[in-house]
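Single-structure report; data block below.
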Amino acid sequence: MPEGPSFPHLFSELTIGRVTLKNRVVSSGHDTVMAEDGLVTDRLIAYHEARAAGGVGLIVVQAAGVHESARYTSHVLMVSDDSCIPGYRQLAEALHPHGCAVFGQLFHPGREIMESQDGSAPVALAPSAVPTERFHVMPRALPVDLLHEIVAGYGGGARRLREAGLDGAEIVASHGYLPAQFLNPRVNHREDGYGGGAEGRLRFLREAISAVRTEAGRDFVLGLRISADERSHDGLTPDEALAACRALDADGDLDYVSVVAGTSATLAGSVHIVPPMSEPNAYTVPLAAVVKGVVRVPVMVAGRINQPQEAERAIEAGQVDACAMTRALICDPLLPVKAKTGRSEEIRACIGCNQACIGHFHAGYPISCIQHPETGRELAYGTLVPTTSARDVMVVGGGPAGLKAAAVAAARGHRVTLYERSRRVGGQVLLGQELPGRAEFGGAVPNLLGEAQQAGVRIVTDTRVDRALVEAERPEVVVVATGARPRRPKLELTGEPVVLDAWQVISGDEAPAGHVVVADWRCDWIGMGVAELLAHRGHRVTLAVDGYTPGQRVQQYVRDTMLAAVYRSGVRVIPTVRVYGADASSVYLQHTLTGEAVVVDEVAALVLAQGHEPVDGLLEELAGYEGEVRAIGDCLAPRTVEEAVLEGLVVASEL
Ligand SMILES: Cc1cc2nc3c(=O)[nH]c(=O)nc-3n(C[C@H](O)[C@H](O)[C@H](O)COP(=O)(O)O)c2cc1C
Ligand code: SF4
């Protein structure tokens, strides 16, 4: 592993076209859900400015529609008319003083329409009327006059970005969007010169590139984003993608290629758009290295590069010229400056949970980060405000809520002591990391603990706090963050069945050999993870979910990789059932739609994944305490790490 604080290759300049980047750390295009009416907002500018101030070399601003038919979500940015110019100009003017280059993305989704503007389904367009599996959309084959309009849209969009002062743009031909649909012989069945052989399938992209050059000039940087492997049963293959890169590079009109994997068209392919923690770090680097072998222009890559060491290694080995570290920067905007100045151990590493970044995007909310809720909230929480009256703060509970509250309160200048009942801080994260494929989730603990320690929080473990201890310490503020325990709903149990809760199984308690039913109410990570864990331990497993599917509440790419693992491990799934009882050999379920009984026989144990209930005893005990008492996280209402950390930030900012 490359050593040394400065990462010499990562922090060397890179010239792309007429632009020289100060380093090779890139924030690749990512929809922030911060655009309004298709335009750049103050919130979006503040978001990117935090990353520019943190030292990133290049920011590629999110996908922007080049034509009215490109509105694939209700919140996409648009470059289809001149009204976009002032907002982009403000953005460029905010980022450039930090020495950060700014590119835009020229985007058309083709058939990949995710949502509509008003609830009615728009007409999706594609090279041919070939449906997309994931969004269940049957597109219309593009009439040639409309095709020409869209091609012109790439040129017009680039001209506007140039007028706004951006340094360049890239055509989004990745992830199965419109240009990739033209390249793909299984999606493009045209016989009018835009299909047929490989040359015909390249024509759309060539005309779009030419329109950009005509409208924005040869000295405006132009890149191509492409999935070097769409990883889908009918996606663009590595050979096809490579041939397109080779041909377009040979034309001489591109300045760089940005390599990713995956496609929006299928569930399995879309996982790679924002690969979750189950994908290895930097796993797309070999794909990019192959592209680099056939093109003359610089190549960048994105895909789970979350630490400077990985980026340095790929660049030093000559596999790529620059590395997108997109979620790494969503999670820690200061990553570049920390890496460059020998403070890499302070980097808050992205754990690939996908919950508040792409999870928020899919739910239609501005993106954030579960470990760094300041992200996306820069206007409210972007600047740490030192306190003018330092107070003694006792934080009770060393889970994510308590750790974040303690870290921020101490960083603001308060005198903070954090008490944790058990030997280790981390709360439920310590259990979550034990689920199959979820080890990286545990990274949230050292990240949060590091922040607290660095801010000067005094940490006391193995200590249970009660009112007497509070009275003895007399803190001016008590922040109660005592978390939650497993919920055991009232069940009809006869004949002494073996009933365990998910926490016991994760902690290593063995169920009796044989068939185990996991009754999953929350439809989150725990039910799926425990079912897989039990299957690995040799049990026959039935996963009974009180929802449409296991993982219903989990971000799609995470859910789908976990679901695949559940099916692969032979777990039987019963959807839409609630658990109401068990006896020594059967579990009694009820269908949530029909009300009919569903009995599972020959069962050795029932495992409950029925959510949690708050541990709020201390809160009650402290009624009438003379100091300020605040409660955050699961002890208020059991939710997830995201809400816990956010509430820690909010409460500490208010003290
Ligand atoms: C919230 C979110 C939105 C994204 N939107 C886009 C987009 O607009 N255009 C694009 O080309 N890629 C988009 N991506 C993909 C990223 O550019 C990047 O390829 C991906 O996050 C993998 O890189 P990472 O592992 O460094 O995060 C998005 C990613 C995230 C997390
Ligand atoms: S929410 Fe999770 S995946 Fe997204 S940036 Fe934060 S740590 Fe990374």
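Which members of segment 632-642 meet the condition of being outside any loop (DSSP other than H, G, I, E, B) and of a type outside the set (Gly, Ala, Ser)?
Residues of segment 632-642 outside any loop (DSSP other than H, G, I, E, B): 633-635, 641-642.
If the condition is that a residue be outside any loop (DSSP other than H, G, I, E, B) and of a type outside the set (Gly, Ala, Ser), then Asp634, Cys635, Val641, Glu642 are the ones that fit.
Looking at (1) part of a loop (DSSP other than H, G, I, E, B); (2) within 12 Å of ligand 1 (Cβ to nearest atom); (3) more than 22 Å from Thr375 (Cβ to Cβ), which is the only condition Leu106 fails?
Failing condition for Leu106: (1).
Please count how many residues of segment 620-655 are under 23 Å from Cys353 (Cα atoms), buried (at least 21 other Cβ atoms within 10 Å of the Cβ) and small (Gly, Ala, Ser).
Residues in segment 620-655 being under 23 Å from Cys353 (Cα atoms), buried (at least 21 other Cβ atoms within 10 Å of the Cβ) and small (Gly, Ala, Ser): 3 in total.
Looking at Val79, Val130, can you tell me which residue is crowded, with 17+ Cβ neighbours inside 10 Å and either touching a Pro at 6+ places or on another chain (Cβ under 8 Å) or at positive phi (or both)? Lay out the reasoning, then the answer.
Numbers: Val79 fails: either touching a Pro at 6+ places or on another chain (Cβ under 8 Å) or at positive phi (or both).
Just a single option satisfies the conditions, and that option is Val130.
Check Asn188 against each of (1) more than 30 Å from Gly57 (Cα to Cα); (2) part of a helix (DSSP H, G or I); (3) not β-branched (Val, Ile, Thr) and name the one condition it does not meet.
Among (1) more than 30 Å from Gly57 (Cα to Cα); (2) part of a helix (DSSP H, G or I); (3) not β-branched (Val, Ile, Thr), Asn188 violates only (2).
Pick from Val294, Val299: which is surrounded by fewer than 23 Cβ atoms within 10 Å (Cβ to Cβ), more than 20 Å from Cys357 (Cα to Cα) and touching a helix residue (DSSP H, G or I) at 6+ places or on another chain (Cβ under 7 Å)? It would help to see each step written out before you state the result.
Numbers: Val299 fails: surrounded by fewer than 23 Cβ atoms within 10 Å (Cβ to Cβ).
Being surrounded by fewer than 23 Cβ atoms within 10 Å (Cβ to Cβ), more than 20 Å from Cys357 (Cα to Cα) and touching a helix residue (DSSP H, G or I) at 6+ places or on another chain (Cβ under 7 Å) holds for just one of Val294, Val299, which is Val294.
Please name all residue pairs, on different chains or six or more residues apart, with Cβ atoms under 6 Å, provided the first residue is in segment 410-427 and is closer than 12 Å to Arg391 by Cα and among the β-branched types (Val, Ile, Thr) and the second residue is modelled with pLDDT of 95 or more and buried (at least 17 other Cβ atoms within 10 Å of the Cβ).
From residues that are closer than 12 Å to Arg391 by Cα and among the β-branched types (Val, Ile, Thr), the pairs are Val416/Val393; Val416/Ala406; Val416/Ala409; Val416/Ala410; Val416/Val457; Thr417/Met394.
Any idea which of Gln552, Gln590 is more than 30 Å from Glu642 (Cβ to Cβ) and modelled with pLDDT of 95 or more? Spell out the reasoning first.
On the way: Gln552 fails: more than 30 Å from Glu642 (Cβ to Cβ).
When all the criteria are applied, what remains is Gln590.
When residues of segment 109-127 are filtered for being part of a loop (DSSP other than H, G, I, E, B) and surrounded by 14 or more Cβ atoms within 10 Å (Cβ to Cβ), how many remain?
Number of matching residues: 10.
Could you tell me whether segment 161-168 includes any residue that is closer than 25 Å to Leu142 by Cα and either more than 28 Å from the chain's Cα centre (by Cα) or touching a residue at least 60 places away in the same chain (Cβ under 8 Å) (or both)?
If we filter segment 161-168 for residues that are closer than 25 Å to Leu142 by Cα, which is where we start, we get none.
No, every residue in segment 161-168 fails to be closer than 25 Å to Leu142 by Cα and either more than 28 Å from the chain's Cα centre (by Cα) or touching a residue at least 60 places away in the same chain (Cβ under 8 Å) (or both).
I'm trying to understand the selection: among the residues of segment 80-122, which are at pLDDT below 95 and of a type in the set (Ser, Thr, Tyr)?
Result: Ser116, Ser120.
May I ask you to list the residues in segment 592-607 that are in contact (Cβ under 8 Å) with a residue 12 or more places away in the chain and either in a loop (DSSP other than H, G, I, E, B) or among the basic types (Lys, Arg) (or both)? Step through it out loud before you land on a result.
Going through segment 592-607, the residues in contact (Cβ under 8 Å) with a residue 12 or more places away in the chain turn out to be 592-593, 598-607.
The answer is Thr592, Leu593, Asp601, Glu602, Val603, Ala604.
Name the residue, out of Val554, Val645, Val629, that is touching a residue at least 24 places away in the same chain (Cβ under 8 Å) and part of a helix (DSSP H, G or I).
Val645
Can you name the number of the only condition in (1) of a type in the set (D, E, K, R); (2) closer than 30 Å to Ala53 by Cα; (3) within 16 Å of ligand 1 (Cβ to nearest atom) that Arg134 fails?
It fails just one condition, (2).
Conditions (1) over 30 Å from Thr41 (Cβ atoms); (2) more than 13 Å from ligand 1 (Cβ to nearest atom); (3) among the acidic types (Asp, Glu); (4) over 25 Å from the mean Cα position of the chain (by Cα), marked per residue:
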position: Gln307; (1), (2), (3), (4): yes, no, no, no
position: Leu329; (1), (2), (3), (4): no, no, no, no
position: Ile347; (1), (2), (3), (4): no, yes, no, no
position: Gly352; (1), (2), (3), (4): no, no, no, no
position: His362; (1), (2), (3), (4): no, no, no, no
position: Tyr381; (1), (2), (3), (4): no, yes, no, no
position: Ala410; (1), (2), (3), (4): yes, yes, no, yes
position: Gly413; (1), (2), (3), (4): yes, yes, no, yes
position: Val416; (1), (2), (3), (4): yes, yes, no, yes
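In this structure, is Val337 away from ligand 1 (no atom under 15 Å from the Cβ) and at negative phi? Explain how you work it out, then say what you get.
Working: away from ligand 1 (no atom under 15 Å from the Cβ): yes; at negative phi: yes.
It is true that Val337 is away from ligand 1 (no atom under 15 Å from the Cβ) and at negative phi.
Answer with yes or no whether Ser80 is of a type outside the set (A, V, I, L, M), farther than 17 Å from His175 by Cα and in a loop (DSSP other than H, G, I, E, B).
Working: of a type outside the set (A, V, I, L, M): yes; farther than 17 Å from His175 by Cα: yes; in a loop (DSSP other than H, G, I, E, B): yes.
Considered against the rule, which asks whether it is of a type outside the set (A, V, I, L, M), farther than 17 Å from His175 by Cα and in a loop (DSSP other than H, G, I, E, B), Ser80 comes out as yes.
Identify all residues within segment 549-585 that are among the hydrophobic types (A, V, I, L, M, F, W, C) and out of contact with any strand residue (DSSP E or B) (no Cβ under 8 Å at 6 or more places or on another chain); write none if there are none.
Val554, Val558, Met562, Leu563, Ala564, Ala565, Ala584
Search segment 338-385 for residues being crowded, with 17+ Cβ neighbours inside 10 Å and among the aliphatic types (A, V, I, L, M), and hand back the single one that is farthest from Ala35 (Cα to Cα).
Going through the qualifying residues, I end up with Ala339.
Restricting attention to segment 280-304, which residues are closer than 19 Å to Pro436 by Cα and under 13 Å from the mean Cα position of the chain (by Cα)?
Arg304
The values are calculated or read from the model by the stated rules, or taken from the named source; none is laboratory data. Keep in mind that what you see is a predicted model, and the values were worked out from it rather than measured. Please note: Cβ atoms are built from the backbone with ideal geometry, for glycine as well, and neighbour counts cover all protein chains shown.
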